[in-house]
Amino acid sequence: MGGAVLMITITDRSRGEEFANWYQKQGIPLVMTTLGNGTATTEILNLLGLEATEKAVLFCVAARSPRLVRRAAKDLWLDVPGRGVLMTVPISSMGVAAKEYLLQGQEAEEIMESKQTHELVVAIAKQGHTDQVMNAARSAGATGGTVVHAKGAGTDLAKKFFGVSIATERELVFILVKAENRKDIMKAIIAQAGVKTEAEAMVFSMPVSDIAGLRQLDAEE
């Protein structure tokens with residue numbers, strides 16, 4: 001099964017422009033970059049050869065292509081510890097004009113169905129409480145994540161659903177996890193950092209169809 005995917009790449013902030021230029025050379029017209037921060041412990045930073053946690057998070061839409069992911073892994077040296085991680089999340093539908101612009105005639109590859117190995121857990125938490133979220137996630141087996149700052153709108157509506165006020169200053173915590181650990185990690189975040197705690201975290205997960213850059217980490221677990 002083919003289709004379009006959202007490609008999410010996380011790397012050191014100093015490499016963000018290099019990665020964005022590479023995607024555009026592959027014919028991907030729109031690459032959005034935001035700044036983030038890593039949450040990995042000192043042990044994981046040492047494992048991956050990282051000295052800093054400042055991150056660039058890149059988003060782009062492309063036709064699903066494991067071949068493109070493999071090319072990125074090779075050209076961007078994603079299998080080298082500390083270079084970054086790339087994941088793709090399936091897109092179910094998009095407008096005709098957006099599809100023509102974003103895919104620019106790219107053809108999705110015919111792909112045999114395979115077992116899903118990883119999921120992307122996303123927690124939306126109160127600013128300054130990512131440690132609470134990550135401590136909860138680590139208690140259930142997560143290793144690290146990436147934080148992006150955001151500002152919420154319409155948070156007063158949360159009173160109707162949760163009975164609490166939700167702060168407008170929010171942080172998005174992206175945690176790439178093995179599929180078999182996803183349920184336990186989400187339960188831990190909800191229990192230890194959910195909407196009725198100081199962190200006010202809401203959490204959901206998305207399937208990851210292709211991935212590059214985790215070989216070193218998986219080998220050590």
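Quick rundown of the values:
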| read-out | value |
| --- | --- |
| Among residues of the range 77-91, those that are within 18 Å of the chain's Cα centre (by Cα) and at pLDDT 85 or above, counted | 10 |
| Which numbered condition Glu51 misses (of (1) touching a helix residue (DSSP H, G or I) at 6+ places or on another chain (Cβ under 8 Å); (2) at pLDDT 90 or above; (3) open to solvent by 50 Å² or more (accessible area, probe 1.4 Å)) | (2) |
| Residues of the range 141-170 that turn out to be at pLDDT below 90 and not in a loop (DSSP other than H, G, I, E, B), as a count | 13 |
| Residue match in the range 28-39 (condition: open to solvent by less than 40 Å² (accessible area, probe 1.4 Å), in a helix (DSSP H, G or I) and modelled with pLDDT under 90) | no |
| Only one of Glu100, Glu107, Glu43 that is among the acidic types (Asp, Glu), part of a loop (DSSP other than H, G, I, E, B) and either at pLDDT below 85 or surrounded by 13 or more Cβ atoms within 10 Å (Cβ to Cβ) (or both) | Glu107 |
| Pairs where the first residue, in the range 174-185, is in contact (Cβ under 8 Å) with a residue 24 or more places away in the chain and the second is in a helix (DSSP H, G or I), C-beta under 6 Å, 6+ apart | Ile175/Ala137; Val177/Ile185; Ile185/Ala137 |
| Count - residues of the range 184-211 that are open to solvent by 20 Å² or more (accessible area, probe 1.4 Å) and either among the small types (Gly, Ala, Ser) or assigned to a helix (DSSP H, G or I) (or both) | 8 |
| Subset of the range 167-183 that is within 12 Å of the chain's Cα centre (by Cα) and open to solvent by 20 Å² or more (accessible area, probe 1.4 Å) - its residue that is nearest to Ser65 (Cα to Cα) | Leu176 |
| Selection count where residues are part of a helix (DSSP H, G or I) and within 18 Å of the chain's Cα centre (by Cα), scope the range 55-67 | 1 |
| The range 123-150 residues that are within 11 Å of Phe174 (Cα to Cα), paired with ones that are open to solvent by 50 Å² or more (accessible area, probe 1.4 Å) and modelled with pLDDT of 90 or more (beta carbon under 6 Å, 6 or more apart) | Ile124/Met202 |
| Cβ pairs under 7 Å, 6+ apart, first in the range 15-40 and more than 16 Å from Gly84 (Cα to Cα), second open to solvent by less than 60 Å² (accessible area, probe 1.4 Å) and in a helix (DSSP H, G or I) | Gln26/Leu68; Pro29/Leu102; Leu30/Leu102; Val31/Ala20; Val31/Tyr23 |
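The values are calculated or read from the model by the stated rules, or taken from the named source; none is laboratory data. Every value quoted in this text rests on a predicted model; they were computed, and no experiment measured them. Ideal geometry is used to build each Cβ from the backbone, glycine not excepted, and the neighbour counts take in all protein chains shown. The area values use the complete protein model at the heavy-atom level, side chains included, leaving out ligands, DNA and RNA. Shrake-Rupley method; radii C 1.70, N 1.55, O 1.52, S 1.80 Å.
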